[in-house]
Amino acid sequence: MIDQFKHDADKSPETEKVTEQRLKSLLIDCDSGTVKVTTDADSVVHQLSSPEGFAAVGQAWLRAGWDAKYVYSFSWMGRPIIQLPDDAFRMQELIYSIKPDVIVETGVAHGGSLIFYASLCKAMGKGKIVGIDIEIRAHNRRAIEEHEMSSLITLIEGDSVDSRILSDVRRTISDAKTVMVILDSCHTKKHVANELLAYSQFVTPGSYIIAMDGIMEQVTGAPRTSPDWTWNNPKEAAIEFAKKHLNFQIETDKYIFNEGTTKQWITYSPCGVLKRID
């Protein structure tokens, strides 16, 4: 994976312009295979097949998906999983690359993500899941505990950054050699910053802590958003954490396999993958 704070030699200046400047409008011409991209700075025409064209259309697609609540239309082994399929696939790649003994996830909701991660552990023949939520609703708890993957899942109810909950997590992790953490509960900058500080202690060298849903910054102004999302989001928390804790490095867009022209992922969690490097 690539350090987000360094220049990516494979990413052209045009791609960086599309992804860093605010996208205002797109004009897609399928007959000519081009897209006119208008940002706050200028208007540029790209080929749809180019990394820049794909990046711009992908950014607009993420906004359309947010407005349409696209991520609320999927399930995994019978449980709703509120994740972008692209992110779920990328998470699978990450999990398989390190084969963790324990995956800790804050935020349970319907339990689909827990079931997804547990099924990967089952397939690998290694690993267990710890799910934490301030409130695990009775019908969701029942569905998770009755699921085929339940033997690999431990549920802990309470505030994820409460000292008692952290003690429970520590006992559950025990002496695991490889621990990975996924933060997907309350997405305010303050809460994610507190979770990063609290849960980074569990992450083993070479493993990851992932702050989900940094897309909040990108969709500010859309339905179901708040004006303060321009700064009050997990992406900002992750960037500040990485600057202060040099043993964690933000990584993104590592392709294990890529025969196409794309240079960046479509994701709800930009700048959210932090690797412990010491």
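The values are calculated or read from the model by the stated rules, or taken from the named source; none is laboratory data. Predicted model only: the values in this text are computed from it and were never measured. Here Cβ is always computed from backbone atoms with ideal geometry, including for glycine, and neighbour counts include all displayed protein chains. Quick note on the areas: whole protein, heavy atoms, side chains included, nothing else; ligands and nucleic acids left out. Shrake-Rupley method; radii C 1.70, N 1.55, O 1.52, S 1.80 Å.
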task = Being open to solvent by 50 Å² or more (accessible area, probe 1.4 Å) and modelled with pLDDT of 95 or more narrows it down to one of Thr204, Thr230, so name that one.
result = Thr230
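Report, by residue number, each residue of the stretch 12-37 that is touching a strand residue (DSSP E or B) at 6+ places or on another chain (Cβ under 8 Å), modelled with pLDDT of 80 or more and farther than 13 Å from Gly58 by Cα.
At the first step, the residues of the stretch 12-37 found to be touching a strand residue (DSSP E or B) at 6+ places or on another chain (Cβ under 8 Å) are 14, 17-18, 21-29, 33-37.
Subset that is modelled with pLDDT of 80 or more: 23-29, 33-37.
Lys24, Leu27, Asp29, Gly33, Thr34, Lys36, listed by residue number.
Only residues that are in contact with a helix residue (DSSP H, G or I) (Cβ under 9 Å, 6 or more places away or on another chain) and either under 21 Å from Thr252 (Cα atoms) or open to solvent by 50 Å² or more (accessible area, probe 1.4 Å) (or both): list them for the stretch 72-85, please. Steps first, please.
Taking the stretch 72-85 as the starting set, the residues that turn out to be in contact with a helix residue (DSSP H, G or I) (Cβ under 9 Å, 6 or more places away or on another chain) are 74-85.
Answer for the stretch 72-85, where residues must be in contact with a helix residue (DSSP H, G or I) (Cβ under 9 Å, 6 or more places away or on another chain) and either under 21 Å from Thr252 (Cα atoms) or open to solvent by 50 Å² or more (accessible area, probe 1.4 Å) (or both): Phe74, Ser75, Trp76, Met77, Gly78, Ile82, Gln83, Leu84, Pro85.
Is it the case, given these coordinates, that Trp265 is assigned to a helix (DSSP H, G or I) and of a type in the set (Phe, Trp, Tyr)?
Numbers: assigned to a helix (DSSP H, G or I): no; of a type in the set (Phe, Trp, Tyr): yes.
No; evaluated as a whole, the condition is false for this residue.
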message = Any residue at all in the stretch 34-45 that's buried (at least 20 other Cβ atoms within 10 Å of the Cβ) and of a type in the set (A, V, I, L, M, F, W, C)?
response = yes
Positions within the stretch 139-189 being basic (Lys, Arg) and not in a helix (DSSP H, G or I), in sequence order = Lys177
key: Some residue of the stretch 146-165 being open to solvent by less than 10 Å² (accessible area, probe 1.4 Å) and of a type in the set (A, V, I, L, M, F, W, C)   = no
request  = Report, by residue number, each residue of the stretch 169-190 that is open to solvent by 20 Å² or more (accessible area, probe 1.4 Å) and within 16 Å of Val108 (Cα to Cα).
outcome  = Asp184, Ser185, Cys186, His187
Within the stretch 55-83, considering residues that are touching a Lys or Arg at 6+ places or on another chain (Cβ under 9 Å) and at pLDDT 95 or above, the one nearest to Ala109 (Cα to Cα) = Lys69
ask   = For Gly78, all conditions in the list (1) touching a Gly at 6+ places or on another chain (Cβ under 8 Å); (2) under 24 Å from Ala118 (Cβ atoms) hold save one; what is the number of the exception?
value = (1)
